[in-house]
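Heads up, the thing below is written out as structure tokens.
Please treat every number below as a calculation from the coordinates, not as lab data. Keep in mind the model is a prediction, meaning the values are calculated, not measured. We place every Cβ from the backbone using ideal geometry, glycine too, and count neighbours over all the protein chains shown.
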Amino acid sequence: MRVLVTGGAGFIGSNFVRFVLGVRADWRIVNYDALTYAGNLENLRDVEGDPRYEFVRADVCDAEAAARAVEGCVAVVHFAAESHVDRSIMDSAPFVRTNVVGTQVMLDAARRAGVRRFVHVSTDEVYGSLPLERAEERFTERSPLAPTSPYAASKAASDLMALAAHRTHGQDVIVTRCSNNFGAYQFPEKVIPLFTCNLLGGQRVPLYGDGRNVRDWIHVEDHCEALAAVLEGGRAGEVYNIGADNERSNLELTRALLAIVGKGEEMIERVADRPGHDLRYALDARKIREELGWEATRSAWPSALEHTVAWYREHAGWVERVRSGAYRAYYERQYGER
Ligand code: NAD
Ligand code: DAU
């Protein structure tokens with residue numbers, strides 16, 4: 001079956017493309033990506049020769065390109081988004097454009113072409129923030145949407161567009177909401193690759209505020225496996241939380257990274273807090289476990305974190321090219337200015 005993956009050159013999208021080509025012999029993947037600062041085809045160098053893989057450089061807001069690309073596809077897995085909270089605080093315009101308008105364009109294109117299923121990849125951040133005190137509380141799929149950052153607000157809007165397409169047009173749409181991912185090929189603006197790359201390079205790590213904020217960490221391949229399960233067995237019009245029950249404060253995470261690289265607390269630089277910084281995310285993922293039998297198996301702590309740090313250590317060339325932006329010039333030559 002032919003599956004269109006938007007945002008397949010980014011962190012989770014590239015892991016998803018590699019994962020499904022490895023485990024689903026009958027899938028063909030069209031990677032539809034605009035190659036923004038976060039898109040990097042080097043993430044997929046090992047699969048680019050696979051005859052089941054093709055790449056289209058296009059924008060999710062381009063309705064004509066979307067209509068051409070979805071032709072003949074059985075499913076769309078929609079990852080493409082502006083994904084970094086700090087960037088959304090500095091400038092929210094690209095978030096509304098790509099995350100809201102881009103999702104509407106892809107939904108319409110898929111529906112008009114008769115694509116059988118559309119999986120919209122979303123985030124636990126649409127539920128807002130939990131208090132630190134009530135440790136037993138978790139977000140379920142029925143929790144109200146209460147996004148706080150411009151990024152989260154744009155994702156919540158896109159979730160509602162996806163669910164509205166199901167309700168209004170009977171389109172087969174599923175929304176997934178996953179917690180914080182970690183693993184290989186994550187752009188080093190997000191906390192785990194940023195702190196890891198800084199420490200490996202002898203630089204200090206900028207910890208926001210008091211470091212008590214909690215995130216619920218899942219290995220990216222567990223997320224990819226869950227998405228394949230949802231695509232194949234989920235129910236149309238439903239929302240599925242995806243999480244690994246792995247809550248850590250940022251200070252705890254930072255100390256774990258320091259222990260792995262053998263460095264001390266003097267490497268922590270306390271910096272001003274992120275405006276509107278959500279205190280805690282925690283997901284109740286019983287629904288996907290009970291309905292689809294999926295369970296996280298690759299997120300165990302600290303071994304999964306150790307493997308991730310080892311990956312960044314072993315891929316110093318990738319880190320250097322991403323941090324310097326050297327790969328961008330190649331894309332401009334190959335595909336033209338964006
Ligand atoms: P990323 O920033 O690493 O990658 C985003 C990809 O989308 C890039 O390849 C980029 O080139 C592409 N893209 C951006 N704008 C585009 C546009 N206008 N047209 C076409 N392509 C465009 O993001 P990620 O961390 O891999 O996240 C992927 C998805 O998963 C996002 O929808 C995000 O909201 C969601 N998500 C992420 C996490 C996480 O922890 N990273 C957790 C839950 C959900
Ligand atoms: O929860 C899922 C979300 O996780 C995804 O939807 C987002 O796309 C993804 O970016 C991520 O959002 P966060 O804001 O949680 O991730 P980030 O890596 O930016 O930050 C994680 C925590 O680390 C957060 O509490 C802020 C803190 N932090 C982050 C950075 C970049 C720091 O203390 N210092 C930093 O330099």
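Find which of S249, H223, G264 sits farthest along the positive direction of the dipole of region 177-274, computed with +1 on the beta-carbon of Lys and Arg, -1 on that of Asp and Glu, about the Cα centre.
Of the listed residues, the answer is G264.
Convex hull volume of the Cα atoms in region 113-213, per residue, in Å³?
149
Counting each DSSP H run of 4 or more residues in the chain as -39500 (n - 2.57), what helix-only mean residue ellipticity at 222 nm follows after dividing by all residues, to the nearest 500 deg cm²/dmol?
-12000 deg cm²/dmol
With 10 angstrom as the radius, rank D50, D278 by how many other C-beta atoms surround their C-beta, starting from the fewest.
So the ranking, lowest neighbour count to highest, is D50, D278.
Under a Cβ-only charge scheme (Lys and Arg +1, Asp and Glu -1), can you give me the dipole magnitude of region 160-275 about the Cα centre, in debye to the nearest 20?
Here region 160-275 has a charge dipole of around 300 debye.
Quick check for me: using +1 on Lys/Arg Cβ and -1 on Asp/Glu Cβ, what's the dipole size of region 96-157 about its Cα centre, in debye to the nearest 20?
So the dipole magnitude of region 96-157 works out to roughly 500 debye.
Assuming a ≥ b ≥ c are the square roots of the Cα gyration tensor eigenvalues, decide whether region 54-162 counts as rounded (a/c under 1.5), prolate (otherwise, with a/b larger than b/c) or oblate.
Since a/c reaches 1.5 and a/b is larger than b/c, the shape of region 54-162 is classed as prolate.
Among G234, G7, S303, flag the residue with its Cα farthest along the positive direction of the charge dipole of the chain, charges on Cβ as +1 for Lys/Arg and -1 for Asp/Glu.
The residue sitting most towards the positive pole is G7.
Using a simple charge model, +1 on the beta-carbon of Lys and Arg, -1 on the beta-carbon of Asp and Glu, nothing else, what dipole does the chain show about its Cα centre, in debye to the nearest 20?
My answer is approximately 400 debye.
In a shell of Cβ-Cβ distance under 14 Å around I29, excluding I29 itself, what net charge do Lys and Arg (+1) and Asp and Glu (-1) give?
Residues close to I29 contribute a combined charge of -1.
Going by average Cβ neighbours within 10 Å, how do the peptides 253-264, 71-82 rank, with the highest at the top?
Packing order, densest peptide first, comes out as 71-82, 253-264.
Kindly work out what percent of the DSSP beta bridges joining two residues of the chain are antiparallel, to the nearest 5.
Beta bridges within the chain, antiparallel portion: roughly 10 percent.
Under 1.5 on a/c is rounded, so check that first for region 1-118, then, if it is not, pick prolate when a/b is larger than b/c and oblate when it is not; a ≥ b ≥ c are the square roots of the alpha carbon gyration tensor eigenvalues.
Note, shape of region 1-118 comes out oblate.
Averaged across orientations, what area in nm² does the convex hull of the alpha carbons in region 163-215 project?
6.0
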